[in-house]
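These notes concern the structure reproduced below.
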Amino acid sequence: MNVLVTGGAGYIGSHTVVELINKGYTPIIADNFSNSRRDILLAIEKIVGKKVFFIEADLCDKTATKKIFSDHKIDATIHFAAFKAVGESVNDPLKYYRNNLLSLINLLEIYNELKLDNFVFSSSCSVYGEQEILPVSESSPLSQAESPYGNTKQIGEEIMADTLKASNFNGIALRYFNPAGAHESALIGEYPLQAPSNLIPVITQTAIGKRNTVTVFGTDYNTKDGTCVRDYIHVVDIAKAHIAAIERLINKKNPTNYEVYNLGSGTGNTVLEVINTFEKITGQKLNYNMGPRRSGDVEKVYADTTKANSFLNWKTELGLEEIVRSAWKWEKAINDESR
Ligand code: NAD
Ligand code: WQD
């Protein structure tokens with residue numbers, strides 16, 4: 001089975017490529033390296049011990065994208081390729097609407113034109129916005145997205161729903177909560193090409209000395225210690241959920257041709273809990289300070305994972321300790337000059 005993995009050189013895509021190969025699938029990576037490095041391909045090959053198929057293409061270029069399908073028989077697609085920096089999307093929304101929506105539209109058009117089947121779309125917990133009732137389930141009504149990035153995911157899901165209603169191929173949207181951590185080999189992980197803004201890379205970059213301090217954004221939230229609550233999920237658990245989604249589609253277990261699933265651990269942790277876990281697990285003293293709230297942050301969000309647990313037959317295997325342990329191992333590996 002050939003699985004097209006768009007954005008397969010990126011953070012979640014690279015981990016998913018490894019899990020696909022582990023399960024006997026043949027991933028075909030399509031990426032334009034707009035937010036990833038070419039050497040990730042060698043790292044994947046080192047982990048799996050074989051060559052991986054790779055095509056350099058911009059998914060916004062429909063001709064180039066269609067060529068992938070004429071050159072290869074594609075049995076399923078996992079569409080990761082997108083821009084994901086929330087702050088940048090506020091300053092340059094059209095960059096986000098163009099890349100994230102055009103790439104999706106091109107692929108779905110090609111699916112219709114070539115009568116293909118089995119499509120998995122990377123969505124995000126950011127589609128939920130601020131929610132009153134926790135944990136959030138797939139049936140929770142979506143609030144207005146907090147950023148153009150989040151809006152591309154809301155619109156992307158609507159495009160998926162409308163297209164699948166009018167077509168007869170099958171698709172799944174997966175809403176990731178807060179992916180973090182790295183592969184146990186420390187050969188792949190999140191390789192920030194710009195200064196990261198996500199909590200765990202900010203922590204590891206501070207601990208290694210690339211940054212001076214972690215600022216805790218807000219201490220007056222209505223949570224157990226006043227800091228925001230999020231659902232951190234190990235990237236390898238996320239990767240494995242994609243195999244479960246592909247298998248549900250190819251084995252025709254889905255009663256409706258479009259489904260949506262939360263991918264989270266089901267547990268909420270505060271910012272201070274993450275920092276304390278990092279210090280405990282790594283033995284590193286972290287330099288951090290308390291700061292004001294960051295605009296656009298929701299107070300708390302964590303997933304109801306019942307649907308994914310039941311219908312994808314999937315649940316997380318790795319917790320917060322393993323997330324910070326593997327993230328720290330990865331940070332040390334990418335800073336090791338002798339590597
Ligand atoms: P990433 O930036 O590491 O990976 C995305 C990959 O897509 C990169 O390799 C990039 O070069 C490639 N890409 C982007 N636009 C492309 C295009 N037009 N043509 C070809 N390649 C292109 O991001 P990630 O963290 O692996 O995220 C993967 C997906 O998951 C994205 O859709 C993202 O929005 C979604 N997501 C990520 C998170 C997170 O926190 N990491 C959370 C929720 C959802
Ligand atoms: C986590 C918590 C911050 C940095 C983002 C996207 C979301 C999804 C996942 C893609 C928050 C706090 C952070 C720092 C801090 N991505 N924090 N100091 O904002 O929950 O979600 O990534 O789809 O769409 O919005 O993740 O890692 O930025 O923040 O105190 O230096 O850590 O306030 O409470 P977030 P994050």
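Nothing in this text is a laboratory measurement; each read-out follows from the coordinates by a stated rule. In this text the structure is predicted, and so the values were computed from the model without any measurement. Note that we place each Cβ from the backbone using ideal geometry, even for glycine, and neighbour counts take in every protein chain shown.
Descriptive notes on the structure:
- Matching helices (runs of 4 or more DSSP H) fully within the stretch 203-321 where at least 2 residues are within 16 Å of ligand 2 (Cβ to nearest atom) and either charged (D, E, K, R) or crowded, with 16+ Cβ neighbours inside 10 Å (or both): 235-250, 271-282
- Being touching a Pro at 6+ places or on another chain (Cβ under 9 Å) and among the polar types (S, T, N, Q) holds for only one residue in Asn32, Asn99, Asn2, and it is Asn2.
- Complete set of residues in the stretch 66-83 that are closer than 22 Å to Ala245 by Cα, of a type outside the set (Asp, Glu) and under 23 Å from the mean Cα position of the chain (by Cα): Ile74, Ala76, Thr77, Ile78, His79, Phe80, Ala81, Ala82
- Within the stretch 5-42, the residues that satisfy the criterion of being aliphatic (A, V, I, L, M), more than 16 Å from ligand 2 (Cβ to nearest atom) and not in a loop (DSSP other than H, G, I, E, B) are Val5, Val17, Val18, Leu20, Ile21, Ile28, Ile29, Ala30, Ile40, Leu41, Leu42.
- Just one of the listed residues (Val136, Val127) is within 15 Å of ligand 2 (Cβ to nearest atom) and either among the acidic types (Asp, Glu) or under 14 Å from Gly156 (Cβ atoms) (or both), and it is Val127.
- Subset of the stretch 165-194 that is more than 16 Å from ligand 1 (Cβ to nearest atom) and surrounded by fewer than 20 Cβ atoms within 10 Å (Cβ to Cβ) - its residue that is nearest to Leu318 (Cα to Cα): Glu184
- With respect to the conditions (1) in contact with an Asp or Glu (Cβ under 9 Å, 6 or more places away or on another chain); (2) over 20 Å from Leu174 (Cβ atoms); (3) more than 10 Å from ligand 1 (Cβ to nearest atom), Ile55 lacks only one, and its number is (3).
- Count of the stretch 325-336 residues, restricted to those that are part of a helix (DSSP H, G or I) and over 17 Å from the mean Cα position of the chain (by Cα), is 8.
- Considering the conditions (1) outside any strand (DSSP E or B); (2) within 13 Å of ligand 2 (Cβ to nearest atom); (3) under 30 Å from Leu249 (Cα atoms), Gly189 is excluded by exactly one of them, (2).
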